[in-house]
Amino acid sequence: MHPGSARRGRTVAGALHRLGLLLLAGLIASAWCGAARAEIVMTDAAGREVRLQAPAQRIATNESLLLLSLALIDADPVRRLAGWAAPRRLDQGMYAAFRREFPAVDDIPVVGAVVPAGVSVETILSVEPDLFVVSIWQHDWEDIADRLSAAGIPVIFLDGPANAGRGPDEATAFSMELLGKALGREEQAGEFADFVRARYRRVEQRLEGTTRRPSVLIDAHAGSVCCNTPGADNRITQYLELAGGHNIGAGLVPGYDGQLSPEYVLTTDPDVYVGTGGPHLAAQGGLVVGGAIDAGAARASLSAVVGRNHLSALSAVRGGRAFAVSHQLSISALSVLVFECLAKWTHPDLFADLDPADTLAEINERFMAVPIEGTFWVGLDEAGTAP
């Protein structure tokens with residue numbers, strides 16, 4: 001071989017080798033950048049920065065009502081739940097609807113608890129989640145979160161101190177957007193968050209300039225005893241205030257909830273009575289509204305409740321201004337429905353054309369993986385009932 005040909009061969013081989021190294025370096029850099037882009041960085045409702053290497057696929061949570069939030073943004077919400085707490089907190093009519101569509105809901109392991117006391121971190125770890133979601137914040141959850149994080153399980157708080165300055169609309173929107181980001185479902189969560197904001201804004205704009213604020217007794221978990229009521233720091237109280245009413249218990253109960261005496265209720269004689277309830281109260285003779293509940297049965301339940309504890313003496317009851325609403329809805333991502341009910345019941349003339357049933361129908365059509373069906377609110381007469 002001619003020496004020049006050998007040199008040219010070595011030159012070409014060297015060039016190809018260098019090109020290969022450059023291509024390999026480019027592939028490595030591209031893969032590294034892709035991995036960096038996949039990292040999800042969030043600030044949750046407790047003000048904590050949380051990082052996920054990829055969207056969460058296996059979630060454990062302290063709140064079974066998270067299933068409703070998942071169903072709003074994921075066509076198969078059950079597949080993501082690796083473990084949950086207190087599944088009986090979920091309206092059993094709703095639960096049955098999910099079971100028909102997703103039988104695997106019965107196989108979700110029960111881990112942890114709604115409140116942090118007595119929670120076993122080891123039990124949570126046993127279901128191998130890649131994310132733990134806290135829906136109901138208490139200070140002691142932060143210790144649980146630290147222990148889970150140390151074991152390699154990220155934790156997000158959907159509610160917490162950072163939500164204290166947000167109204168109920170923005171708190172719901174924030175929680176849904178945070179959950180959507182953690183799951184890689186940002187677009188779907190953003191659509192529902194915008195839907196909630198628009199519904200609140202519609203009511204707030206119509207209330208502008210309205211100074212009359214009807215007084216309301218909110219009788220939580222209504223039944224045999226009068227009257228457990230939400231306090232000033234309770235979201236239900238905030239829904240009512242934004243809807244143009246006033247909770248008669250807010251001034252007496254500064255915290256989350258408390259008890260009002262029948263004497264105080266009768267003396268105050270509120271303009272409107274609103275009881276909250278659910279199917280689980282049937283065994284106690286309480287207020288029964290919710291999934292798969294017939295409207296007639298719900299109304300009969302309301303009539304029985306306001307016929308006890310001297311509530312029938314209230315002008316609100318005598319005047320037909322007594323209503324019932326699902327407690328589960330009020331503490332879920334679907335609380336906008338409760339907000340609209342409160343607006344309609346406290347200002348019926350102003351909101352004659354507002355129908356929460358239309359809002360529920362749109363939620364079922366646009367968002368819910370499993371339609372929510374039943375009687376979730378009712379009045380003593382048919383005018384207060386969702387069709």
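The values are calculated or read from the model by the stated rules, or taken from the named source; none is laboratory data. Because the structure is a prediction, the values reported are computed rather than measured. Every residue, glycine among them, receives a Cβ derived from its backbone with ideal geometry; neighbour counts consider all protein chains shown. SASA here: full protein model, heavy atoms, side chains in, ligands and nucleic acids out. Shrake-Rupley method; radii C 1.70, N 1.55, O 1.52, S 1.80 Å.
Restricting to the range 88-112, count the residues that are open to solvent by 30 Å² or more (accessible area, probe 1.4 Å) and closer than 18 Å to S332 by Cα.
Matching residues across the range 88-112 total 3.
Taking the range 52-80 as the region of interest, how many residues are among the aliphatic types (A, V, I, L, M) and either assigned to a helix (DSSP H, G or I) or under 24 Å from G277 (Cα atoms) (or both)?
Within the range 52-80, the subset among the aliphatic types (A, V, I, L, M) is 52, 54, 56, 59-60, 65-68, 70-73, 75, 78.
Still in the running and either assigned to a helix (DSSP H, G or I) or under 24 Å from G277 (Cα atoms) (or both): 65-68, 70-73, 78.
Going through the range 52-80 one residue at a time, the tally reaches 9.
Has the range 1-17 got any residue that is touching a helix residue (DSSP H, G or I) at 6+ places or on another chain (Cβ under 9 Å) and modelled with pLDDT of 95 or more? Let's see the steps before the verdict.
Narrowing the range 1-17 to residues touching a helix residue (DSSP H, G or I) at 6+ places or on another chain (Cβ under 9 Å): 1.
Among the residues that remain, those that are also modelled with pLDDT of 95 or more are: none.
No, there is no match, as no residue in the range 1-17 is touching a helix residue (DSSP H, G or I) at 6+ places or on another chain (Cβ under 9 Å) and modelled with pLDDT of 95 or more.
Output the residues belonging to the range 81-124 that are in contact (Cβ under 8 Å) with a residue 24 or more places away in the chain, more than 18 Å from W141 (Cβ to Cβ), under 17 Å from the mean Cα position of the chain (by Cα) and in a helix (DSSP H, G or I).
R88, Q92, M94, Y95, F98
Of all residues in the range 125-150, count the ones that are under 24 Å from N163 (Cβ atoms), free of Cβ contacts under 8 Å to residues at least 40 places away in the same chain and small (G, A, S).
Qualifying residue count, the range 125-150: 1.
Does the range 163-172 include one or more residues that are more than 25 Å from T346 (Cα to Cα), crowded, with 19+ Cβ neighbours inside 10 Å and either modelled with pLDDT of 95 or more or charged (D, E, K, R) (or both)?
no
Working only within the range 125-141, note down all residues that are under 21 Å from R235 (Cβ atoms) and not in a loop (DSSP other than H, G, I, E, B).
Filtering the range 125-141 for residues under 21 Å from R235 (Cβ atoms) gives 133-141.
Passing the criteria: V133, V134, W141.
Of the numbered conditions (1) under 15 Å from the mean Cα position of the chain (by Cα); (2) buried (at least 22 other Cβ atoms within 10 Å of the Cβ); (3) modelled with pLDDT of 95 or more, S135 satisfies every one except a single condition; which is it?
(3)
Name the single residue, out of those in the range 237-247 being open to solvent by less than 10 Å² (accessible area, probe 1.4 Å) and of a type in the set (A, V, I, L, M), that is farthest from N163 (Cα to Cα).
Per the criteria, the residue is A243.
Please find, within the range 215-225, the residue that is farthest from L287 (Cα to Cα) out of those that are assigned to a loop (DSSP other than H, G, I, E, B) and within 27 Å of the chain's Cα centre (by Cα).
We begin by selecting, within the range 215-225, every residue assigned to a loop (DSSP other than H, G, I, E, B); these are 220-225.
Still in the running and within 27 Å of the chain's Cα centre (by Cα): 220-223.
Working: A220: 9, H221: 7, A222: 6, G223: 6 Å.
Ranking the qualifying residues of the range 215-225, first place goes to A220.
Restricting to the range 250-273, name every residue that is farther than 18 Å from R212 by Cβ and part of a helix (DSSP H, G or I).
P262, E263, Y264, V265, L266, T267
If a residue must be more than 17 Å from Y239 (Cβ to Cβ), touching a helix residue (DSSP H, G or I) at 6+ places or on another chain (Cβ under 9 Å) and not charged (D, E, K, R), how many such residues does the range 262-277 contain?
If we filter the range 262-277 for residues that are more than 17 Å from Y239 (Cβ to Cβ), which is where we start, we get 262-269.
Now narrow it down to the ones that are touching a helix residue (DSSP H, G or I) at 6+ places or on another chain (Cβ under 9 Å): 262, 265-266, 269.
Next, from what is left, pick out any that are not charged (D, E, K, R): 262, 265-266.
Result for the range 262-277: 3.
Would you pick out the residues in the range 255-267 that are touching a strand residue (DSSP E or B) at 6+ places or on another chain (Cβ under 8 Å) and open to solvent by less than 50 Å² (accessible area, probe 1.4 Å)? Please lay out each step first, then the result.
Residues of the range 255-267 that are touching a strand residue (DSSP E or B) at 6+ places or on another chain (Cβ under 8 Å), as a first pass: 256-260, 265.
Of everything in the range 255-267, those that are touching a strand residue (DSSP E or B) at 6+ places or on another chain (Cβ under 8 Å) and open to solvent by less than 50 Å² (accessible area, probe 1.4 Å) turn out to be G258, L260, V265.
So for the range 239-249 (the condition being without any contact (Cβ under 8 Å) to a residue 60 or more places away in the chain, part of a strand (DSSP E or B), touching a strand residue (DSSP E or B) at 6+ places or on another chain (Cβ under 9 Å) and not aromatic (F, W, Y)), does at least one residue qualify? Talk me through it step by step, then tell me what you get.
Step one: list which residues in the range 239-249 are without any contact (Cβ under 8 Å) to a residue 60 or more places away in the chain, which gives 241, 246-249.
Narrowing further to those that are part of a strand (DSSP E or B): 246-247.
Next, from what is left, pick out any that are touching a strand residue (DSSP E or B) at 6+ places or on another chain (Cβ under 9 Å): 246-247.
Still in the running and not aromatic (F, W, Y): 246-247.
Within the range 239-249 (the criterion being without any contact (Cβ under 8 Å) to a residue 60 or more places away in the chain, part of a strand (DSSP E or B), touching a strand residue (DSSP E or B) at 6+ places or on another chain (Cβ under 9 Å) and not aromatic (F, W, Y)), the answer is yes, since at least one residue qualifies.
Restricting to helices (runs of 4 or more DSSP H) lying wholly in the range 280-387: which have 2 or more residues that are polar (S, T, N, Q) and either under 28 Å from T267 (Cβ atoms) or open to solvent by 50 Å² or more (accessible area, probe 1.4 Å) (or both)?
Ranges flagged: 295-306.
Out of the range 192-220, which residues are under 30 Å from S315 (Cα atoms), small (G, A, S) and surrounded by 18 or more Cβ atoms within 10 Å (Cβ to Cβ)?
Within the range 192-220, A220 is the sole residue that qualifies.
Do we have T276 as at pLDDT 95 or above and not in a helix (DSSP H, G or I) here?
yes
Within the range 148-173, which residues are closer than 20 Å to E241 by Cα and assigned to a helix (DSSP H, G or I)?
N163, P168, D169, E170, A171, T172, A173
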